[in-house]
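Note sheet for the following structure.
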Amino acid sequence: MNLTFLKHLTVLTLIFSFISQSALAQEKPKNIIYLIGDGMGPGYISAYRYYKNQVADQTLSPTLFDQYLVGTASTRPKDETWVTDSAASATALSTGIKTYNGAVAVDAEQQPLKTLFELAKEQQMRTGLAVTSSVTHATPASFYAHQKSRRQAEEIATWLIDNSFAKKGAPIVDVVLGGGEKYFNLPQRHLLNELKALGFSHVSQLPQLSEVKQPPVIGLFAENGLPSALNSSTAFLADMTTSALTLLNTDNKNGFVLLVEGSQIDWCGHANDIACTMAEMQSFENAFEVALNFAKQDKQTLVVLTADHDTGGLSVGREKKYEWHSDKVAKVKMTARAFTELNLKADYSESTTGQLIEQAWNEHIQLPLTRDELTPLVKAYADFNKAQDKQDKSLAYKQFNDHVKHVINRQTNTGWTTRGHTANDVGVFAFGPTSQIFVGHQDNTDIAKKLHSLVLAQ
């Protein structure tokens with residue numbers, strides 16, 4: 001199935017199938033802001049609402065997600081496993097076509113599929129992405145690259161240059177913001193130099209973005225993923241969204257499509273780390289607020305937010321206890337991974353290990369820690385330091401890290417069903433011109449098809 005066929009398929013069938021006559025009669029959006037909360041299943045929305053209120057009373061303030069909820073979406077991949085990965089789901093959200101897990105904007109036969117960014121470029125629109133993962137990660141990659149495996153990060157990076165639009169002198173992505181610098185300095189190609197030769201500005205520190213006056217620009221702020229929101233005082237995602245909108249909208253008559261991903265919601269879900277998860281949800285809500293404020297002022301911008309899948313099967317409550325302690329979640333000031341590394345890298349003497357781990361716990365976790373809860377941490381620390389090979393060290397690291405999360409999840413009464421993904425439906429949120437076409441239940445491919453139709457209607 002080639003790109004020409006898919007273009008005709010999109011034009012001839014989708015524009016009439018997915019936008020009602022009443023929607024067509026409205027003013028079309030000039031711009032589209034597409035936000036994807038990676039792994040943000042239904043439990044995350046509920047938990048974040050209670051987390052944000054922390055202590056229950058007679059009133060419960062809604063989150064921004066609550067206020068703009070318009071529907072739900074199913075997320076299955078092309079096969080019959082029902083459970084998608086980020087690459088297959090992002091491909092569906094970008095191209096409107098289902099594929100196999102691991103595929104980046106290619107179909108089941110590994111043929112390229114037309115992405116939302118490519119379609120936008122055909123309409124002379126600008127494109128941009130702002131993510132907290134590497135910019136080569138599965139979700140952003142599925143908007144500009146075509147690769148049979150999401151694991152081929154270095155090959156994915158080359159698509160920013162080798163995509164046909166870039167070859168014609170028009171970059172496939174005008175604003176590229178996130179992590180992943182290590183994938184742009186390859187032995188065979190220095191991609192950053194090639195991008196600079198194509199007219200890109202390159203920045204490596206977030207404040208430097210204010211010095212860039214027009215696209216194209218690439219900002220890579222970490223070797224791989226950006227710092228976790230819980231461990232950082234920098235509002236990376238909201239700030240990148242603000243900068244991306246400013247750059248994309250400057251002297252732009254043809255509009256833009258901006259992808260914003262809360263990438264690390266998923267990472268915290270895989271880790272079953274509830275405090276990490278809530279901090280990433282807050283980071284994503286802040287970016288959503290930036291998008292909404294822009295759209296409300298601009299009045300020509302459609303904002304659509306959804307998730308690619310649910311991660312972890314988060315449940316707000318567990319083990320027949322009718323309670324969830326959001327106030328206790330809020331006391332945790334560091335991810336379990338960061339706390340584990342802080343302690344295992346420390347040089348504690350055998351006589352002071354327990355005391356110093358407990359001291360660090362009281363500073364960063366701020367929940368009660370009993371002797372029985374402390375003992376496994378002391379043992380894991382000792383095992384890590386006496387381990388002679390990588391496998392034994394890895395096992396001790398895992399035991400320490402898992403126990404930290406076990407204590408936090410037990411005390412907050414947080415439940416998880418898996419360290420992988422689930423097939424739970426996800427929420428769909430929308431604001432702006434033609435936002436009503438996203439009301440109700442839909443497949444994730446329907447979201448892309450509707451967006452494709454809106455771009456073609458420019």
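A short reminder: the numbers here are calculations on the coordinates, not readings from a lab. A quick note: this is a predicted structure, and the numbers were derived from the prediction, not measured. Every residue, glycine as well, gets a Cβ built from its backbone with ideal geometry; the counts of neighbours run over all protein chains shown.
Data overview
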read-out: Theoretical ellipticity at 222 nm over the chain - DSSP helices of four or more residues, -39500 (n - 2.57) apiece, nearest 500; value: -12500 deg cm²/dmol
read-out: Trypsin sites (Lys or Arg not before Pro) within the range 335-405: DSSP coil, no more than 16 neighbouring Cβ in 10 Å; value: Lys345
read-out: Fully extended contour minus Cα-Cα distance, from Lys331 to Arg371, at 0.36 nm per residue; value: 12.4 nm
read-out: Flagged links, alpha-carbon separation over 28 Å, of Lys299/Lys449; Lys320/Lys393; Lys98/Lys333; Lys98/Lys182; value: Lys320/Lys393; Lys98/Lys333; Lys98/Lys182
read-out: Per-residue ³J(HN,Hα) for the range 453-458, Karplus 6.51 cos²θ - 1.76 cosθ + 1.60, θ = phi - 60°, Hz, x for Gly and Pro; value: 4, 5, 5, 5, 7, 4
read-out: Between helix 236-249 and the chain: long-axis angle, C-alpha atoms, 0 to 90°, nearest 10; value: 10
read-out: Estimated inter-spin distance, Gln208 and Gln436, nm [label 7 Å along Cα→Cβ]; value: 4.7
read-out: Calculated FRET value between Lys296 and Thr352, using beta carbons and R₀ = 60 Å, to 0.05; value: 0.60
read-out: Estimated Rh, the range 333-412: Kirkwood, alpha-carbon pairs, angstrom; value: 12.5
read-out: Residues whose placed amide H lies under 5 Å from that of Thr72, excluding near-sequence neighbours; value: Val428, Gly440, His441, Gln442
read-out: Rounded Å value of the spacing that divides the Cα centres of the range 133-195 and the range 333-372; value: 40
read-out: The chain: angle of helix 274-298 to the longest principal axis, Cα-based, in degrees nearest 10; value: 30
read-out: Gyration tensor verdict on the range 181-315 (Cα atoms; rounded if a/c is under 1.5, prolate if a/b is larger than b/c, oblate otherwise); value: oblate
read-out: Cα-based shape type of the range 100-155, given that a ≥ b ≥ c are square roots of the gyration tensor eigenvalues and the cut on a/c is 1.5; value: oblate
read-out: Counting DSSP beta bridges with both ends in the chain, the antiparallel % (nearest 5); value: 30
read-out: FRET E, pair Thr72, Arg318, Förster distance 30 Å, beta-carbon r, rounded to 0.05; value: 0.80
read-out: Ranked list, fewest to most other Cβ atoms within 10 Å of each Cβ, for Asp85, Asp392, Asp443; value: Asp392, Asp443, Asp85
read-out: In range of the label at Ser149: residues from the range 80-108 whose backbone nitrogen is under 14 Å from the point 7 Å along Cα→Cβ; value: 101-104
read-out: Crossing angle, helix 153-162 versus the chain [Cα axis fit, 0-90 degrees, rounded to tens]; value: 30
read-out: For the chain, with +1 on Lys and Arg beta carbons and -1 on Asp and Glu, the positive-most of Thr241, Tyr48, His325 along the dipole; value: Thr241
read-out: Proxy reagent accessibility, fewest Cβ within 10 Å first, across Glu289, Glu319, Glu373, Glu118; value: Glu319, Glu289, Glu373, Glu118
read-out: The chain: Cα Rg divided by the 2.2 N^0.38 Å rule of thumb; value: 1.00
read-out: Cα gyration tensor shape for the range 258-382, rounded if a/c is under 1.5, else prolate or oblate; value: prolate
read-out: Estimated FRET transfer efficiency when R0 is 22 angstrom, pair Arg410-Asn362 (beta carbons, to 0.05); value: 0.80
read-out: Residues Tyr322, Tyr144, sorted so that the one with the fewest Cβ neighbours within 10 Å comes first; value: Tyr322, Tyr144
